[in-house]
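Trainee: Pasting a structure below so you can have a look.
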Amino acid sequence: MSAAAMRLLAGKTAAITGGTTGIGRAITIEYLRQGANVAVNHLGLAKDDPLRKSLIEDAERLRRETPNEAPTGQLLELAGDVTDPKTGEQLVAQAVERFGQLDIFVANAGIFKPCQFLDIDKEMFDTSMRVNVNGAFYASQAAARLMVKQGKGGSIIGISSISALVGGGLQVHYTPTKAALLSMTQSMAIALAKDRIRVNALLPGTIHTQLADHDMANEEKRRYLEQRIPWGRVGRPEDLAGPAVFLAADQMSGFVTGAQLLVDGGMYVHLQ
């Protein structure tokens, strides 16, 4: 089998919100490696921002190290606030303008800052809802409209969380947003099935991203988290990359829609 044939997303185009950091970044890099062109959204990183530069450099390195007969995908990055419906529309439009189509959309952008329940104010709660729920809805809707117009089906993936299924004392403003995103993907799966657009959710457990730095910096807290994970370690952003490819690739998950896939090292079943 040729290297080109082994690229699971060759010829596809993906759009990813929050694609420059954490889980979004890991998915972006793997999609590029698998041959997809990828348009990523970020909040507005400066040209010399280390996160932006690192992603661009890694994408260029992939292309340099890949044989010409099996090229990796190309990267397009755009600034925008997902709480504005126009951001999702622009991301989708730019992806199509640059690459000619849109096959995969990943609603990844999200925020979380742990806080005691009684200390959560209106601004913190509303912001969590606007980014994690409204932002995912607007961008997913923009992607779905384009996919329906294209008439070729597609794959939409929502990055929910194990927190959609279990509570957390410092997450009262966060868990409802991830439960809403999970419910949203399930309902979209029903609404879009007639258009052959598959909609699924990934539910990461404890993953060491910037959102979890506060826990990982505390050795006692880190050990506590590891003890709750049968796999014996906290997850890494790269642990979500393979599952995201699986849900994006028609040849692997062409009959999978409305599903929720836990990527948590066994944490959920251990907590039950």
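Residue-wise test of (1) at pLDDT below 95; (2) within 17 Å of Gly22 (Cβ to Cβ); (3) among the polar types (S, T, N, Q).
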position	(1), (2), (3)
Thr177	no, yes, yes
Lys221	yes, no, no
Asp250	no, no, no
Leu262	no, no, no
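Trainee: Would you please name the residue that is nearest to Phe99 (Cα to Cα), looking only at residues in the range 19-34 that are outside any helix (DSSP H, G or I) and at pLDDT below 95?
Mentor: Gly19
Trainee: Taking the range 227-245 only, how many residues are touching a residue at least 12 places away in the same chain (Cβ under 8 Å) and over 14 Å from Ile29 (Cβ atoms)?
Mentor: At the first step, the residues of the range 227-245 found to be touching a residue at least 12 places away in the same chain (Cβ under 8 Å) are 228-245.
If we keep only those that are over 14 Å from Ile29 (Cβ atoms) too, we end up with 228-235, 243.
Result for the range 227-245: 9.
Trainee: Taking the condition within 28 Å of Met124 (Cβ to Cβ), in a strand (DSSP E or B) and not polar (S, T, N, Q), does Gly167 pass?
Mentor: Answer is no for this residue.
Trainee: In addition: Please determine whether any residue of the range 100-115 is part of a helix (DSSP H, G or I), over 21 Å from Gln210 (Cα atoms), modelled with pLDDT of 95 or more and among the small types (Gly, Ala, Ser).
Mentor: First, pick out the residues of the range 100-115 that are part of a helix (DSSP H, G or I): none.
No: zero hits.
Trainee: Within the range 205-235, how many residues turn out to be in a loop (DSSP other than H, G, I, E, B) and either surrounded by fewer than 15 Cβ atoms within 10 Å (Cβ to Cβ) or not β-branched (Val, Ile, Thr) (or both)?
Mentor: Residues meeting the conditions: 9.
Trainee: Find all pairs meeting these conditions: Cβ atoms under 9 angstrom apart; at least six residues apart or on different chains; first residue within the range 183-204 and within 9 Å of Gly154 (Cβ to Cβ) and part of a strand (DSSP E or B); second residue of a type in the set (Phe, Trp, Tyr) and at pLDDT 95 or above.
Mentor: Once the first residue is within 9 Å of Gly154 (Cβ to Cβ) and part of a strand (DSSP E or B) and sits in the range 183-204, its partners that are of a type in the set (Phe, Trp, Tyr) and at pLDDT 95 or above give Arg198/Phe255.
Trainee: Next question. When you go through Asp239, Asp250 one by one, which is the residue that is touching a strand residue (DSSP E or B) at 6+ places or on another chain (Cβ under 9 Å) and crowded, with 20+ Cβ neighbours inside 10 Å?
Mentor: On the way: Asp250 fails: crowded, with 20+ Cβ neighbours inside 10 Å.
After applying the criteria, what remains is Asp239.
Trainee: Oh, and also: Within the range 98-111, is there a residue that is in contact with a strand residue (DSSP E or B) (Cβ under 9 Å, 6 or more places away or on another chain) and over 28 Å from Gly151 (Cβ atoms)?
Mentor: Yes - at least one qualifying residue is present in the range 98-111.
Trainee: Just need a number here: residues in the range 56-110 that are aromatic (Phe, Trp, Tyr) and surrounded by fewer than 22 Cβ atoms within 10 Å (Cβ to Cβ).
Mentor: Within the range 56-110, residues that are aromatic (Phe, Trp, Tyr) and surrounded by fewer than 22 Cβ atoms within 10 Å (Cβ to Cβ) number 1.
Trainee: Any residue in the range 138-158 that is in a helix (DSSP H, G or I) and closer than 30 Å to Arg233 by Cβ?
Mentor: No, the range 138-158 has no match at all.
Trainee: Next up: Would you mind finding the one in Gly254, Gly232 that is touching a helix residue (DSSP H, G or I) at 6+ places or on another chain (Cβ under 8 Å) and of a type outside the set (S, T, N, Q)? Steps first, answer last, please.
Mentor: Working: Gly254 fails: touching a helix residue (DSSP H, G or I) at 6+ places or on another chain (Cβ under 8 Å).
So the residue among Gly254, Gly232 that is touching a helix residue (DSSP H, G or I) at 6+ places or on another chain (Cβ under 8 Å) and of a type outside the set (S, T, N, Q) is Gly232.
Trainee: Considering only residues that are surrounded by 11 or more Cβ atoms within 10 Å (Cβ to Cβ) and not in a helix (DSSP H, G or I), look in the range 45-55 and name the one that is farthest from the chain's Cα centre (by Cα).
Mentor: If we take residues in the range 45-55 being surrounded by 11 or more Cβ atoms within 10 Å (Cβ to Cβ) and not in a helix (DSSP H, G or I), then Asp49 is farthest from the chain's Cα centre (by Cα).
Trainee: Kindly indicate whether any position in the range 80-89 is out of contact with any Ser or Thr (no Cβ under 8 Å at 6 or more places or on another chain) and free of Cβ contacts under 8 Å to residues at least 40 places away in the same chain.
Mentor: Yes, the range 80-89 contains at least one residue that is out of contact with any Ser or Thr (no Cβ under 8 Å at 6 or more places or on another chain) and free of Cβ contacts under 8 Å to residues at least 40 places away in the same chain.
The values are calculated or read from the model by the stated rules, or taken from the named source; none is laboratory data. These numbers come from a predicted model, not from an experiment. Every residue, glycine as well, gets a Cβ built from its backbone with ideal geometry; the counts of neighbours run over all protein chains shown.
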